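K.L.:
Just passing along the structure, written as C-alpha cells.
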Amino acid sequence: MASSMLPPPATLGYAMSHRHNRKRIRVIKKILLSLGALLLVLAVALGINTARKGSQQMVVAPLAPITVDEAGAATRLGEAVRLKTISSRDDAKLNADQFLAFHALLQARFPKVHAALKRETVADLSLLYTWEGTDPKAKPIMLLAHQDVVPVAPGTEGDWQVDPFSGLVKDGFVWGRGSWDDKGNLMSQLEAVEMLLASGYKPARTVYLAYGADEEVAGARGATKIAALLKERKVQLDFVIDEGLLVLDGVMPGIKQPTALIGVAEKGYMSVVLKMSATPGHSSMPPKQGTSAIAMMSAALKRLDDEQLPAGIRGVASEMFDTLAPEMGGFSRVALSNLWLFGPVVQKQFEAAGSTNAMIRTTTALTIVNAGNKENVLPGRAEATVNFRILPGDTKEQVMQHVRAKVSAAVPGDKFELFALPGAVDASKVAPTDSAQYKVLNKTIREIFPDALVAPGLMVAGTDSIHYGDISDHIFKFSPVRANPEDLKRFHGTNERLSTGNYADAIRFYHRLITETVAAQAK
C-alpha cells in the first residue's frame, strides 16, 4: 500500500528537475546581479576618476600682439635661406664660405645685436652671443638654434614649387630649405632681441644665444664645444630652450584645439653595426639553406624588427596623456583618464602608428644594408646598420644587450660581430614640469597662442640641447610654430616653408619669453 502512494517515476523526475532548474536560475540571477553590481561600481569609479581629472591648463589672459615688421622680417629670413649652409659630419669645412656669408648677413641685418652683445666664434663656424645682465647673481638663460640645414634629396629638386634655396616670399610664405628648420627659430630670436634693444630694454639676467653649425650631423663641433666652453667658465643655466615640438593643429587624436607640446626630454641615439661572415663561393652551388651571409643577416634583422624593446605608457608619455585627457571627449577621455584599466588598449593603438609608437618605446630602425657586388657570387660578408632612439629610462648598454641576445638567437655566435658607432648618447634628463621655469614657458605659450592647449611631450628626434645637460636642469625643446599634418610632411622634405604670420608670432614669442623669464627670476 505504501508504494502505491508514491508519485510515478516520471512525475518524481520532473519535480526534481524543476527544483534543480529553479536553483540554477537563482544562482544565475545572483551571478548576474553581482556582475551588474560590479559593472555599476566600475562605471561609477571610471566616471568619478574621469570627472576628478579636471583641466590642467593654466588660465592666462591673452596678450595684445606687439607690432612686428612682418614683411621686413620675412625678407630677412629669405636672405638667410638663400645661403646653402649644409653641414657635413666628415668635412668640417664643407660650405664654410656659406656659413661665413651667413655670419656677415647677421651682422648687417641686426646691427644693434652686434653692437650690444658679445659675439664669439667657436670651432670656426658656430656662434655664441652674450647679452650681459645687470644682476650678476641671477642665473643666465639660453636660447638655442642652429645655422645648418639638411641637403635637398637628389632627384627631388623638380618637385619643389620654387627653387629650394630661393628664399622666396610668396603667397604669404617664406619658401626654402631652412625656413622652418631652423633658421626660422634663429632669425626670430635675433629679431626679438633687436626689437628689445631698440626699445632700450636691458635684461637683469644674462641671456646667451648659441647657434651651432653642425646640428644636423649631431653637433659634435658646435653645441658640444659651446657647452664645454660654458662649463669651463662655470656657467650654470637656469633655462634653455631649443627647437623641438610644435603647436600642432589637427594632429593629436581626440583633440579639436591646437596642442602646444613642450619637449621636456629627448630620446637618446645609438647606431649599431652588425657584420656577418660566411664562406664566399659561386652562386651555382649555394650553401645549406640559411647559412649564407645574406641569409644570416636577413634572419638577424628580421628578429630585431619583430622583437623590439618593450613599449609602455610611462614617464613623459604618461604625463602628457594625463595632461591632455581632461581636454578630450567621449571614450578617449575615459580611457586616458583610466590607464590602470585601458592601458593595454591605448598602448596597442599607439603602437600601430610610427609617430605615437616612438613616444612609448625605444625604437628600432633598419637603415643600411650592404652585401655582394656581383649577381653570381655569394658574398663572404654582409653588413647592416640599425638605428635606435632610446627612451628615457632605457640605456645604451641595455640596447646593446638586446641586440646581442636577438642576433644570437637567430645566427651562430661565431658568425657575427657588432659594435656601436661613435656619437651614441643616452636619453636626456627629464625637465620637471612643476618648476617655475616650465610655468614661465607654459604662460608665454598661452599668451601668444591663446587657443592652444599646453602639455609636456617627448622629443623623439635629436637636437643640440642634449649637449647642455651638464649645465642646466631645465632644458625644453619647443618651436613656436603652428603645424598641421600637411606641414609636417615638409619637415626635412619637399617644399619647406614658413608662413609670414607664423614667423611674426615666433618673434612675438621670443620677445615675450625673454622679458617674462628675466622678470620671473626663476630659481
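The values are calculated or read from the model by the stated rules, or taken from the named source; none is laboratory data. Given the structure is predicted, the values throughout are model-derived calculations rather than measurements. Note that each Cβ is placed from the backbone with ideal geometry, even for glycine, and that neighbours are counted across all protein chains shown. Side chains included, ligands, DNA and RNA excluded: accessible areas come from the protein's heavy atoms. Shrake-Rupley method; radii C 1.70, N 1.55, O 1.52, S 1.80 Å.
K.L.:
Which net charge results when you count Lys and Arg as +1 and Asp and Glu as -1 among the other residues whose beta-carbon is under 9 Å from that of T363?
P.N.:
Numbers: positive: K267, R361, R389; negative: none.
Taking every Cβ under 9 Å from that of T363, the sum is +3.
K.L.:
Now for a separate question. Work out the length of the dipole vector of the chain about its Cα centre, built from +1 on the beta-carbon of each Lys and Arg and -1 on the beta-carbon of each Asp and Glu, and round it to the nearest 20 debye. Mind dumping the intermediate values first?
P.N.:
Details: 59 positive and 53 negative charges, 534 e Å.
The dipole of the chain has a size of about 2560 debye.
K.L.:
Using modelled backbone amide H atoms (1.01 Å from N, in-plane), which distant-in-sequence or interchain residues come within less than 5 Å of R389's amide H?
P.N.:
Excluding prolines and chain starts, which carry no amide H, the hits are T363.
K.L.:
From the P(r) of the stretch 378-432, can you give the percent of Cα pairs sitting at distances over 16 Å? Don't skip to the end; give the middle numbers.
P.N.:
Working: 786 of 1485 pairs.
Tail of the P(r) past 16 Å holds 53 percent of the pairs.
K.L.:
Do the alpha carbons of any pairs in K288/K396; K29/K348; K118/K183; K225/K429; K93/K183 sit beyond 24 Å of each other, and which pairs? Please list the in-between numbers first.
P.N.:
Working: K288/K396 35 Å; K29/K348 35 Å; K118/K183 21 Å; K225/K429 20 Å; K93/K183 20 Å.
Beyond 24 Å between Cα atoms: K288/K396; K29/K348.
K.L.:
Let me ask another. Work out how much length D473 to H114 would gain on full extension: take 0.36 nm times their residue separation and subtract the Cα-Cα distance, in nm to one decimal. Can you show the working numbers first?
P.N.:
On the way: separation 359, 0.36 × 359 = 129.24 nm, distance 2.92 nm.
My answer for the length gained is 126.3 nm.
K.L.:
How big is D, in µm² s⁻¹, for the stretch 91-170 by Stokes-Einstein at 10 °C and 1.306 mPa s if Rh is the Kirkwood radius over C-alpha pairs?
P.N.:
Details: Rh = 15.8 Å.
So the translational diffusion coefficient is about 100 µm²/s.
K.L.:
While we're looking at this one, here's another question. Once phi is turned into θ = phi - 60°, what whole-Hz ³J(HN,Hα) does the Karplus curve with 6.51, -1.76 and 1.60 give for every residue of the stretch 113-120, x standing for Gly and Pro?
P.N.:
Result, ordered by residue: 4, 7, 7, 9, 9, 7, 10, 10 Hz.
K.L.:
If you put +1 on each Lys and Arg Cβ and -1 on each Asp and Glu Cβ, how big is the dipole of the stretch 416-506 around its Cα centre, in Debye rounded to 20? Before the final figure, lay out each step's value.
P.N.:
Working: 9 positive and 12 negative charges, 60 e Å.
That gives a dipole near 280 debye.
K.L.:
Keeping all protein chains in place, calculate the accessible area per residue for the chain (probe 1.4 angstrom), answer in Å².
P.N.:
Values: 24770 Å² over 523 residues.
Averaged over the residues of the chain, the accessible area is 47 Å².
K.L.:
Report, in whole Å, the centroid distance computed from the Cα atoms of the stretch 78-114 and the stretch 195-213.
P.N.:
20
K.L.:
Sorted by mean Cβ packing within 10 Å, highest first, what order do the peptides 279-290, 207-218 take?
P.N.:
Details: 279-290: 10.2, 207-218: 24.9.
Packing order, densest peptide first, comes out as 207-218, 279-290.
K.L.:
For the chain, what ratio Rg/Rh do Cα atoms give with a Kirkwood hydrodynamic radius? List each step's numbers first, then the result.
P.N.:
On the way: Rg = 30.1 Å, Rh = 26.5 Å.
Taking Rh as the inverse mean 1/r over Cα pairs, Rg/Rh reads 1.14.
K.L.:
At 1.4 Å probe size, what's the solvent-accessible area of T367? Round to the nearest 10 Å².
P.N.:
80
K.L.:
Could I ask something else about it? Given the options M359, N387, I294, identify the residue whose Cα lies farthest towards the positive end of the charge dipole of the stretch 285-394 (+1 on Cβ of Lys, Arg; -1 on Cβ of Asp, Glu).
P.N.:
I294
K.L.:
Something else: If amide H atoms are built 1.01 Å from N in the plane of the peptide, which residues on other chains or at least 5 residues away come under 5 Å of the amide H of F239?
P.N.:
The list, which skips near neighbours in sequence, is M142.
K.L.:
Nearest 500 deg cm²/dmol is fine: what mean residue ellipticity at 222 nm does the chain get from its DSSP H runs of n ≥ 4 alone, each adding -39,500 (n - 2.57), divided by its residue count?
P.N.:
Numbers: 15 runs with 207 residues, N = 523.
Calculated at 222 nm, the ellipticity per residue is -12500 deg cm²/dmol.
K.L.:
Let me ask something additional. Mean Kyte-Doolittle hydropathy of 0.0 or higher plus an axial Cα length of 27 Å or more: which whole DSSP H helices in the chain meet both? Each step should come with its number before you reach the end.
P.N.:
Values: long enough: 9-52 (64 Å, 0.52); 500-520 (30 Å, -0.04).
Counting only whole DSSP H runs, the qualifying helices are 9-52.
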